[in-house]
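The values are calculated or read from the model by the stated rules, or taken from the named source; none is laboratory data. Just so it is clear, the structure is predicted and the values come from calculations on it, not from any experiment. Positions of Cβ are backbone-derived with ideal geometry, glycine not excepted, and every protein chain shown enters the neighbour counts. Side chains included, ligands, DNA and RNA excluded: accessible areas come from the protein's heavy atoms. Shrake-Rupley method; radii C 1.70, N 1.55, O 1.52, S 1.80 Å.
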Amino acid sequence: MQNSRSKPCSCPSLKLREVASMYFTMVAAFLVILVVALQGSAPRQSDFPYKVPLDPQGLLELSWNVSYPEQAVHFQLLIRELRFGLLFGMSDRGEFENADLAVLWSDGHSSYFGDAWSDAEGQLHMDSQQDYQLLGARRAPEGLYLLFRRAFSTCDPKDYLIEDGTVHLIYGILEKPVHSLQAINVSALHGGLQRVQLLKPNISIPQLPSDMQTMEITAPDVVIPSQETTYWCYMAELPEGFPKHHIIMYEPVVTAGNEALVHHMEVFQCAAQFDSFPHYNGPCDSKMKPDRLNYCRHVLAAWAMGAQAFYYPEEAGLAFGGPGSSRYLRLEIHYHNPLVFKGRRDSSGIRLYYTATLRPHDAGIMELGLVYTPVMAIPPGEDSFTLTGYCTDKCTQLALPAAGIRIFASQLHTHLAGRKVVTVLSRDGRERQVVNADRHYSPHFQEIRMLKEEVAVFPGDELITTCTYNTEDRSRATVGGFGILEEMCVNYVHYYPQTQLELCKSAVDPGYLHRYFNLVNRFNDEEICMCPQVSVPQQFYSIPWNSFNRDVLKSLYGFAPISMHCNKSSAVRFPGEWEKQPLPSIIERLREPVPRCPPSPEPQPAAPVPLNLGQLRR
């Protein structure tokens, strides 16, 4: 049921399990007593620093904290209008089938809490291993608080493995009483999903300077369109003669009441090659949007629902203002309005914190992965097709300083078919560490994520980015490119000190792809037009995608030489020979991490925990 749930793990000895059982029982008892003692009072915000609305109406609010010593997440779920219970849990892509669930339900008189799972048909089953541990339930003026705990890894094959990257949370509200867990009809629930990064990095907040100033980039008084998805663009302008500063922090500014509608936001700086940009405040896909706004693509800040403030390391700041820097900024807001509210007004945006006291280093942003080109393609009907982009040792040897660079944050990016993105650092042919990985990646949830620890990259190192795609719902090939139905594979890494290297990406050599088309022509009855006037996408679209053509394309991408783009910020390549470069040779790969199984008590009967919540609302 979990795509990464069935990994092997070592289990503790019986005595250790018994001792651990007593320990966790005492801890749980203490917490329940503590919760009862706090009856009627709201928890402190500092206890649960991360918060996200689960549903568009804001009736369900999830808060959580992460304990790396315990390898566990503590959840607090606020239910503002409790009816007859709810389901909360996790699944690979946000489905209610094959899900790992905590369930609160009532038969109209008594209430129960239990750890459950759903099968491929959505039927619920009580889990034989109760790993959602209830810590307390209590009423407050704002609603019912439900507190529970879950270990990252449980060694239960029915449980979801909580790991770094995106987690798809699901919820369902019970509108009627049910006499048992098995009687819950998942398909009839009012439910939905929310994507979050559960395992936030435990990073200390850097000291902020006394001369720090703030600037809010907000779209003024937007009437949110009454449609499910809107991308809104607003142009802002720095003051005339604004000198160079360092951005050292930023955070969201979300209009009160719109927390469930503002999905994510980004601030882009425009290209310095233009003296001016037109003012604009409207939908990004409108025909009225000036074309020049497409040249505002340099990311200054990015926020997604559930993220907190973003801090730069004390050694570096992101430069903006001054000579060679555009005064024009574009704010882009993604509104997610599935209930199609009308007339909602919004003035959300991002607050930048900056200083005139420049830090020792300018921070830089470098693109890793694949070049935006149609020579990299995914056949239709694929459930898991991988493409890999390379930043080679030859490029880093030439472009990076002898002391190397330090990567401190990363933003992964694909279009709609992307399902997984991983960047690995390789040195001397040996994979050394994962830079960033999201095994449950969603193109609908993209944010700049601070790394748990900085990654040092030295001249001669290789950075290898692999993206996994699903095209089961497509009838023709998906090629690389800028269109939303085309694909990308990118990791925007944030690092210091800034270098001239802005883009380190690759694509298959076009000559070898031409040989592939010739081979397909020879072994297939259907002719592929090789005329010079026929584009690469059209040639891909005309391929009959039998198993032979699929396998040969996979093989081609796995051995053919590459065209390297080792580019300066001016989009000019560094001097050197970059065509027909050999693929990096990897002689040793990183081992898949083995989940750590927490000590657990002896198996208990799969029975729910009874709760006294009083008469529930009909």
request  = State to the nearest 20 debye the size of the charge dipole of the chain about its Cα centre, where the only charges are +1 on K and R beta carbons and -1 on D and E beta carbons.
outcome  = 460
task = Rounded to the nearest 500, what is the 222 nm mean residue ellipticity of the chain from helices alone, with -39500 (n - 2.57) per DSSP H run of 4+ residues and division by all residues?
result = -3500 deg cm²/dmol
query = Non-local amide H neighbours of V178 (under 5 Å, H modeled in plane, Pro and chain starts lacking H): which ones?
reply = S106, D107, G108
Cα shape, segment 50-200, gyration tensor, a/c 1.5 rule = rounded
Proximal lysines to K176, defined as alpha-carbon separation beneath 24 angstrom and excluding residues fewer than eight positions away on the same chain = none
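With a cut-off of 8 Å between alpha carbons and a minimum separation of six or more residues, what is the relative contact order of the chain in percent?
16
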task = May I ask for the angle, rounded to the nearest 10°, between helix 510-523 and the longest principal axis of the chain, with both axes built from Cα atoms and the value confined to 0 to 90°?
result = 80
inquiry  = Just to confirm the number: angle between the C-alpha axis of helix 547-559 and the first principal axis of the chain, 0 to 90 degrees, nearest 10?
reply    = 70
query = For segment 203-359, which whole-number percentage of the solvent-accessible area (1.4 Å probe, protein heavy atoms only) is attributable to carbon and sulfur atoms?
reply = 49
ask   = Considering only the chain, what is the antiparallel percent among its DSSP beta bridges, to the nearest 5?
value = 95
ask   = What full-extension length gain, to one decimal in nm, is calculated for D285 and I203 as 0.36 nm per residue of separation minus the Cα-Cα distance?
value = 25.8 nm
query = Roughly how many percent of the accessible protein surface of segment 50-200 is carbon and sulfur, given a 1.4 Å probe and a whole-percent answer?
reply = 48
query = If each of Q129 and Q273 carries a label point 7 Å out from its Cα toward its Cβ, how far apart are those two points in nm?
reply = 5.7
Solvent-accessible area per residue, Å², over the chain with all protein chains present [probe radius 1.4 Å] = 45
query = Using the alpha-carbon centroid of each, what span in Å lies between segment 93-108 and segment 306-350?
reply = 35
task = Treating cross-link reach as a plain straight distance, find the lysines whose alpha-carbon is under 24 Å from the alpha-carbon of K568, omitting any fewer than eight places away in the same chain.
result = K244, K394, K505, K580
ask   = What spacing in nm lies between the two simple spin-label points modelled at D221 and I484, each 7 Å away from Cα in the Cβ direction?
value = 2.9
ask   = Between D362 and Q538, what length in nm is gained on full extension when 0.36 nm per residue of separation is reduced by their alpha carbon distance?
value = 59.0 nm
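Pulled fully out, how much extra length does the chain show between N518 and E588, if you take 0.36 nm times their separation in residues and subtract their Cα-Cα distance?
Result for the pair: 21.8 nm of gain on full extension.
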ask   = In the full protein assembly as shown, how much of H361 is accessible to a 1.4 Å probe, in Å² to the nearest 10?
value = 70
query = If you take the charge dipole of segment 50-200 about its Cα centre, with +1 on Lys and Arg Cβ and -1 on Asp and Glu Cβ, which of A151, L78, S187 is farthest toward its positive end?
reply = L78
inquiry  = Can you give me the long-range amide H partners of M249? Hydrogens built in the peptide plane at 1.01 Å from N, cutoff under 5 Å, separation of 5 or more residues or another chain.
reply    = Y312, Y353
note = Looking only at lysines whose Cα falls under 27 Å of K200's and that sit 8 or more positions away or on another chain, we get K7, K51, K158, K420, K452
query = What does the charge count near A302 come to, summing +1 for each Lys or Arg and -1 for each Asp or Glu among other residues with Cβ under 11 Å from its Cβ?
reply = -2
ask   = For the pair S67 and D383, how long in nm is the line joining their label points, each one 7 Å along Cα→Cβ?
value = 3.8
task = Rounding to the nearest 20 debye, state how big the charge dipole of segment 108-162 is about its Cα centre with +1 on each Lys and Arg Cβ and -1 on each Asp and Glu Cβ.
result = 360
key: Cα shape, the chain, gyration tensor, a/c 1.5 rule   = prolate
request  = Express the carbon and sulfur contribution to the solvent-accessible surface of segment 364-593 as a percent, rounded to the nearest whole number, probe 1.4 angstrom.
outcome  = 50
